[in-house]
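Undergrad: Quick one: the structure is below, questions incoming.
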Amino acid sequence: MTEPTDLDVREGVDRETVETVQNMGSYKYGWDTEIEMEYAPKGVNEDIVRLISEKNNEPEWMTEWRLEAYRRWVTMNEPKWAMLNYPEIDFQDQYYYARPKSMEEKPKSLDEVDPKLLATYEKLGIPLKEQMILAGVEGADEAPAEGRKVAVDAVFDSVSVGTTFKDELAKAGVIFCSISEAIREHPELVKKYLGSVVPQSDNFFATLNSAVFSDGSFVYVPPGVTCPMELSTYFRINAENTGQFERTLIIADKGSYVSYLEGCTAPQRDTNQLHAAVVEIVILEDAEVKYSTVQNWFPGDENGKGGIYNFVTKRADCREARAKVMWTQVETGSAITWKYPSCILRGDESQGEFYSIAIANNWQQADTGTKMVHLGKNTRSRIVSKGISAGQAQNTYRGLVSMHPRASDSRNYTQCDSLLIGDKCGAHTVPYIEVKNTSSRVEHEATTSKVDDDQLFYCRSRGMDEEEAVALVVNGFCREVLQALPMEFAMEAQSLVAISLEGSVG
Amino acid sequence: MLKIDNLHVKLEEEDKQILKGLSLEVPAGEVHAIMGPNGSGKSTLSYVLSGRDGYEVTEGGATLEGEDLLDMDPEERAAAGLFLAFQYPVEIPGVGNMTFLRTAVNAQRKARGEEELSSGEFLKLVRAKAKDLQIDAEMLKRPVNVGFSGGEKKRNEILQMAMLEPRMCIMDETDSGLDVDAMRLVSDGVNALRDAGRSFLVITHYQRLLNHIKPDVVHIMSNGRIVKSGGPELALQVEEEGYGDLLAEAG
Ligand SMILES: Nc1ncnc2c1ncn2[C@@H]1O[C@H](COP(=O)(O)OP(=O)(O)O)[C@@H](O)[C@H]1O
Ligand SMILES: [Mg+2]
């Protein structure tokens, strides 16, 4: 990547689009890494749950917590209300635990990590070992770019392989580690908050996750602390037939601030792989959390074979007054996406924002959206959703805005735009709105349009080929959301927009 | 440079013939003007030359420096050096004007096997050219043509032309809706680009523009054909007498 100049500052995010379309194959992260893996036996039962707990050296209370979830899960049924069509998942035909053999003895430092693993992350563009200074360009017109550090926790199949910048974060009092480490080292925090936003009983997939989650990230930002760098987790599914069930818990204590980025990839396989994550965010008084996801799990090939089944429960609880959360997601991957990052606006004057780009191409199916649950007085929420469908894909926005009786003087604004490329795909908008008090207001705007031929011709008459033209127009359509992303993610995201639309025209 | 031979074009969707045997040749370095009543097919000609969908060539052809234009995709024509300044420039929401320009410039360079411009080089170039056209930084930042005034849109087309350095420039009523000052800016921009290796086909209704951009040849177009060609004095005649007599005389 070339150095950023003031051009990039002004232009925001749609800079790399064009180079990318031509430079990249259709799914950039589709290779797999040959690393010796250690698996638990296929299927899930109480023994597997115990084994996972044991592998993570968990205390008894944690094992019990998992088992409780497991016992509940076996009584539950898979939800069927989403606009998704997929063959029955055989939950006993999956591996629930896989880790690179070299991780059997936990490495003491990154130097002990299998170099192949590190090479994998390097291929993904995540320099784990190095100080990762990424181009962060903000505001200033002519000023040279300020370097920005990003602390990374990387999860490979079931286990976390290393967290960077730990010491520097510790100096600020920030805890950033794998959740398995947090369970061992910070049990009081985990006990207090785990399951407090997404309870074990929440839904079929969350309950399964509660039983078998293997690893994930943990963040605690103490009162009054602005986290000195962006925190980032990369998830990669490598092993075949392996479900990934990571669990993320973020706690922003009073008056703190943190920006957290999540990226995901998986190799190209012709079988479907299951991913069922849970993310819980607790935000206390006057604290703010930004959570950004660029999700490019393997979406399946152009015939709809393979790909990740993604069933994710993400929820932020603005538990106290003036707490604030902002979800930004770019969903380009997965064969099936079932995902509704939500905001519980419990504290008075708390705020929730949701910015989303969901792209579905070929045979992908996405059913995604958000829930804004207004419980506190004077709460605000804003939803900006951009759905793009191409090929034979189906893209559904499903959103809930709920104003409870006590949530007086609250506001929601929802803008939901769909763009169709070609005429075999579909876009659906399913907004649920409940207002149970008289002083609150909910505004909903929705548009559906086709990619405009005049725009494409205009671009092509200036020399861009059809795919470049589509990528440019689509990036323009998504701009409002791309701009909500941290700069380094925005670049990646707009490249992804281009890549995931390859083959969608002509 | 540009050679159009007996071009017949109909609409793809309906049975409507728009160009009915149009022939025209613009040699390298020359400026030709096309004047003609509304609906005579001037914009259709410019679209067909640049490769827009929706038209069907039923007879005849067009070449750019000997190469068959009609065989190429729009982007190939652009890379080959053809440029159309649109009568109605298209708005592209969310795409920065500068990004659009840079994407276009680099796409063409790539297609021609040339090195792409770095951000720095590009920036320097675009700033200099924008300044000449009195296009400020603000306008470069804004989404392509969105919320631009009529005059801004037209100046923006000329900026694109200046950046892309095409060999064959077609301008479709670039002067319509321009005030006197904007017209001067646009003509200065065009005149600065004039050279022995570059040709222009200027579609206009007004003699006014041709006072600034001196044409070598003026063609009168009506009902899908060129009915008369001559020197700059033909434009003066149109200005004074309208098309009536000219068309009657041509039959
Ligand atoms: N896409 C189209 N659909 C229907 N009619 C068209 C279309 N394009 C051009 N025409 C018709 O063809 C004729 C020539 O139009 P045009 O090329 O725009 O003329 P000019 O630019 O000389 O005013 C007009 O009668 C116009 O209505
Ligand atoms: Mg016209």
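The values are calculated or read from the model by the stated rules, or taken from the named source; none is laboratory data. Keep in mind the model is a prediction, meaning the values are calculated, not measured. Please note: Cβ atoms are built from the backbone with ideal geometry, for glycine as well, and neighbour counts cover all protein chains shown. These accessible areas exclude ligands, DNA and RNA; they are computed on the full protein's heavy atoms, side chains included. Shrake-Rupley method; radii C 1.70, N 1.55, O 1.52, S 1.80 Å.
Undergrad: Give the residue, chosen from A:Gly422, A:Gly399, that is small (Gly, Ala, Ser), away from chain B (no Cβ under 14 Å) and closer than 23 Å to B:Asp53 by Cβ.
TA: Going through A:Gly422, A:Gly399 in turn, just one is small (Gly, Ala, Ser), away from chain B (no Cβ under 14 Å) and closer than 23 Å to B:Asp53 by Cβ: A:Gly422.
A quick yes/no check of all residues on (1) surrounded by 14 or more Cβ atoms within 10 Å (Cβ to Cβ); (2) within 14 Å of ligand 1 (Cβ to nearest atom):
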residue	(1), (2)
B:Glu13	no, yes
B:Leu22	yes, yes
B:Val26	yes, no
B:Gly29	yes, no
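Undergrad: Keeping to region A:442-475, report how many residues are more than 7 Å from chain B (Cβ to nearest Cβ) and over 21 Å from A:Asp417 (Cβ atoms).
TA: Looking only at that region, the number is 2.
Undergrad: Then there's this: Would you tally the residues in region A:447-491 being of a type in the set (D, E, K, R) and closer than 20 Å to A:Val384 by Cα? It would help to see each step written out before you state the result.
TA: At the first step, the residues of region A:447-491 found to be of a type in the set (D, E, K, R) are A:450, A:452-454, A:460, A:462, A:465-468, A:479-480, A:488.
From what's left, closer than 20 Å to A:Val384 by Cα: A:450, A:479-480.
Of the residues in region A:447-491, 3 are of a type in the set (D, E, K, R) and closer than 20 Å to A:Val384 by Cα.
Undergrad: Follow-up question, since we're still on this one. With the condition kept exactly as written, say whether any residue in region A:471-491 is of a type in the set (Asp, Glu), at pLDDT below 90, open to solvent by 20 Å² or more (accessible area, probe 1.4 Å) and within 28 Å of A:Arg315 (Cα to Cα).
TA: yes
Undergrad: Checking B:Leu201 against (1) more than 16 Å from ligand 2 (Cβ to nearest atom); (2) modelled with pLDDT of 90 or more: exactly one of these is not met. Which one?
TA: With (1) more than 16 Å from ligand 2 (Cβ to nearest atom); (2) modelled with pLDDT of 90 or more applied to B:Leu201, the lone miss is (1).
Undergrad: Being farther than 30 Å from A:Asp417 by Cβ, more than 8 Å from every other protein chain (Cβ to nearest Cβ) and touching a residue at least 12 places away in the same chain (Cβ under 8 Å) is true for just one of B:Leu164, B:Leu185, B:Leu159. Which residue is that?
TA: Of B:Leu164, B:Leu185, B:Leu159, the one residue that is farther than 30 Å from A:Asp417 by Cβ, more than 8 Å from every other protein chain (Cβ to nearest Cβ) and touching a residue at least 12 places away in the same chain (Cβ under 8 Å) is B:Leu185.
Undergrad: Further, regarding this structure: Those residues that are part of a strand (DSSP E or B) and either modelled with pLDDT under 65 or open to solvent by 10 Å² or more (accessible area, probe 1.4 Å) (or both), I need them from region A:155-177; list them, please.
TA: A:Val155, A:Phe156, A:Val159, A:Ser160, A:Val161, A:Gly162, A:Thr163, A:Ile175
Undergrad: Please find, within region A:345-354, the residue that is farthest from A:Ser196 (Cα to Cα) out of those that are surrounded by fewer than 24 Cβ atoms within 10 Å (Cβ to Cβ) and touching a strand residue (DSSP E or B) at 6+ places or on another chain (Cβ under 7 Å).
TA: Among those residues, the one meeting the criterion is A:Glu353.
Undergrad: Among the residues of region B:82-120, what is the count of those that are on the phi > 0 side of the Ramachandran plot and within 7 Å of chain A (Cβ to nearest Cβ)?
TA: 1
Undergrad: Only helices (runs of 4 or more DSSP H) wholly contained in region B:1-117 count here; list those with 2 or more residues that are more than 16 Å from ligand 2 (Cβ to nearest atom).
TA: B:74-79, B:97-111
Undergrad: Next up: Of the residues that sit in region B:72-81 and are more than 8 Å from chain A (Cβ to nearest Cβ) and either open to solvent by less than 10 Å² (accessible area, probe 1.4 Å) or among the acidic types (Asp, Glu) (or both), which one is farthest from B:Leu159 (Cα to Cα)?
TA: Looking at residues that are more than 8 Å from chain A (Cβ to nearest Cβ) and either open to solvent by less than 10 Å² (accessible area, probe 1.4 Å) or among the acidic types (Asp, Glu) (or both), I get B:Glu76.
Undergrad: I'm trying to understand the selection: among the residues of region B:41-71, which are open to solvent by 30 Å² or more (accessible area, probe 1.4 Å) and more than 16 Å from ligand 1 (Cβ to nearest atom)?
TA: B:Glu59, B:Gly60, B:Thr63, B:Glu65, B:Gly66, B:Glu67, B:Asp68, B:Leu70, B:Asp71
Undergrad: A further question on this structure: Condition check: exposed (fewer than 15 other Cβ atoms within 10 Å of the Cβ), more than 13 Å from chain B (Cβ to nearest Cβ) and β-branched (Val, Ile, Thr). Does A:Thr429 satisfy that?
TA: Details: exposed (fewer than 15 other Cβ atoms within 10 Å of the Cβ): no; more than 13 Å from chain B (Cβ to nearest Cβ): yes; β-branched (Val, Ile, Thr): yes.
No; evaluated as a whole, the condition is false for this residue.
Undergrad: Looking at (1) of a type outside the set (Phe, Trp, Tyr); (2) over 25 Å from B:Glu239 (Cα atoms); (3) within 14 Å of ligand 1 (Cβ to nearest atom); (4) modelled with pLDDT under 95, which is the only condition B:Asn38 fails?
TA: (2)
Undergrad: Another question about this same structure. Could you please let me know if A:Glu443 is out of contact with any Ser or Thr (no Cβ under 6 Å at 6 or more places or on another chain), assigned to a loop (DSSP other than H, G, I, E, B) and of a type in the set (Asp, Glu)?
TA: Judged against the criteria, A:Glu443 is not a match.
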